[in-house]
Amino acid sequence: MKIEIKRSCIEETLLLVLFGFYVLIAHWIWFGRGIQETVMIALSVLVLLKSMRLRYMSVRMLSDLILAGILFVICTIGILQAKTRQYLVADLKAMLGAIIVSGAIIVSIKKLTTSGYDLMDFLFVFLNRFFVLNDILIVVQYFVPYFLMNRKAIESVNNRAYFDQLTGLLGINGTTRWDIWSIAILILNFYIAYKRNDERIIKYNVGFFLASMVICMMNSARAFLIAAPITVLIYLFLIRKVELTSRMKQVLAVFSVLIVGLIVYSTNSYVNGFVNDLINDKFAIYLSGDINHMVAANDDRAVATYFAVENCGTFGVGIGAVAMNSTNAQVKYLGLNSASSYIYMIGVVGYFLWTLCLARIGIHSDKGTLRKTVLYFLYLLLLSYFLPIFSAIALLPAIWFIFYIFELEQSQKGSEYK
C-alpha cells in the first residue's frame, strides 16, 4: 500500500512510525528506549499543540477540568508530604508521558484519516501480518530455546523466567505488550470485518483468537484469558450490539470452539494440567472474594495491591517517593500492575480519580458519555489490576485505540447509548 506523506501530516506520520518501532522492535534491541520515549513525548506535545482549537467551554469540558483539578491537588499534596522525591522526574515521565503519547497517537490517526489516508485498513493488514509472523516465531522460541532472542539484553534485566521472553520481536519482558496489542488487533479485525461485511475476516479472527489462546499458555500471559474475552464481549454486545437471532452461525461457531476446547482439555495432558493450575491458582482465588485468602495464596498482584492499600496513607507516599517498578521486603514487584503502584503513590482516591480521568479522555464523541464513562472506568480498573497499563507508553495507546474503534463502530452503525 503506497502512502504519500502530506506536508501537513509530517509530525503525525513520524510519531506513528516511531511509536510502531518502539512497540514492535525497540524492546528486542532493548538499548536506547529512554531516548526514544523522550523524543516521542516531545513530538507528541507538538502534535497535540497543532490539534488544539479554541472553542466554547462545554459542560463536559468543565466537569473534566474539575476532576483533573481535584486529582492535581491530591497528587501535589502527596508530593509535598513525601519523605523523598528522588524518583519524581522518572515517575512523572512514565505517568504523564503515557497519557501525552496516547492522546497524540489517537490525534495522529484521526488527522491522517481525515486527510484521506485509509489508515485503519493499513493497520489491519500490517499489524495482522506482523503478529502472525511474530506468533510463529514465539512457537519456534518455545521449542528452540533463545532462538532470535537478545541474550545480552535478557542478562541485563536479570529475569530468569524464560516464558517472560517468549515474545518474538516484541522483546524483553514483552508479554504485557503482546497481551494488549493482540486484544487491540482482535477488535480491529472485528471492526474491519463488519465494515466490509466480510465473514472470511471473522473466521480468520476466530482462528487468530484461538492461536492467541495457545500462545498465552506458552508465554504465561494469562491476563489474556480474562481480558480478551471480556473485551470481545464488550465490543459485540455493548458496542456492536450483535443480535443473537441474526448471528446463529457465529453462535454455533462459538459453541463448536468450546466443544473442541473441551476435547483438547480432556485428551491433552499439558492443556489439562495448565487449565487446572490456572483454575486452582488464579480463578479459584479471585472467585473466593476473600482478600486475605488472595494474599495468603501469595498472588503477586493481590499482595502488591494489598500492600499499597495498607501503606499508602491518605494521599499516598507521593509521586517520586518510590520508583514506579520498585521492590521491597514485603512486595516482590510493586509495579507488576498499575493498581498497586498508583495506590501506593497517590492513594486509593487518587487512583480512582486517575482512572476516571483516563476513562473520560478515552471518550471521543458526545454520544452516551455517561454510560461510556462507567464502561471505560470499570474496564480500566480491571486491566490496571492485571497489567501496568497506566505508566507504559507501549500499552495505554493500545487501550485508547480500542476505545477509538468503539467510537468508529458506533458512528458506523449510527447507534448511540441510551
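The values are calculated or read from the model by the stated rules, or taken from the named source; none is laboratory data. Remember, it's a predicted structure, so these values are computed and weren't measured experimentally. Using ideal geometry, Cβ is built from the backbone for each residue, glycine included, and neighbour counts are taken over all protein chains shown. Ligands, DNA and RNA are stripped out before the accessible areas are found, and what is left, the full protein with its side chains, is counted by its heavy atoms. Shrake-Rupley method; radii C 1.70, N 1.55, O 1.52, S 1.80 Å.
Looking at the range 1-116, the accessible area is 61 square angstrom per residue; that uses a 1.4 Å probe and ignores ligands, DNA and RNA.
Hey, how much of the P(r) for the range 305-348 falls beyond 17 Å, as a percent of Cα pairs? Of all Cα-Cα pairs in the range 305-348, 13 percent lie more than 17 Å apart. Between residue 381 and residue 230, the simple label model (points 7 Å from Cα in the Cβ direction) yields a spacing of 1.0 nm.
Could you list the chymotrypsin sites (Phe, Trp or Tyr not before Pro) in the range 49-150 that lie in coil according to DSSP, counting only those with at most 14 other Cβ atoms within 10 Å of their Cβ? Loop-located and lightly packed - 56, 146, 147.
Rg of the Cα atoms in the range 1-114, relative to 2.2 N^0.38 Å, amounts to 1.30. At the listed q of 0.13, 0.15 Å⁻¹, the Debye profile of the range 125-219, built from one uniform point per Cα, gives log10 I(q)/I(0) equal to -0.46, -0.59. For the range 123-197, applying the loop criterion from DSSP together with a ceiling of 13 other beta carbons within 10 Å to the trypsin sites (Lys or Arg not before Pro) yields 160. For the pair residue 10 and residue 110 in one chain, pulling the backbone fully straight at 0.36 nm per residue adds 34.6 nm over the alpha carbon distance. Each label point was placed 7 Å from the Cα along the Cα-to-Cβ direction; for residue 17 and residue 84 their separation is 4.2 nm.
With the convex hull drawn over the C-alpha atoms of the range 164-220, the volume per residue is 64 Å³. Dividing the alpha-carbon radius of gyration of the range 315-418 by the rule-of-thumb value 2.2 N^0.38 Å gives 1.21. For residue 242, the amide hydrogen comes within under 5 Å of the amide hydrogens of 237, counting only partners 5 or more places away or on other chains and with H modelled in the peptide plane.
Over the range 115-169, the fraction of Cα-Cα pairs per 5 Å bin, rounded to whole percents and listed from the shortest bin up, is 4, 18, 22, 15, 12, 10, 8, 6, 3, 1.
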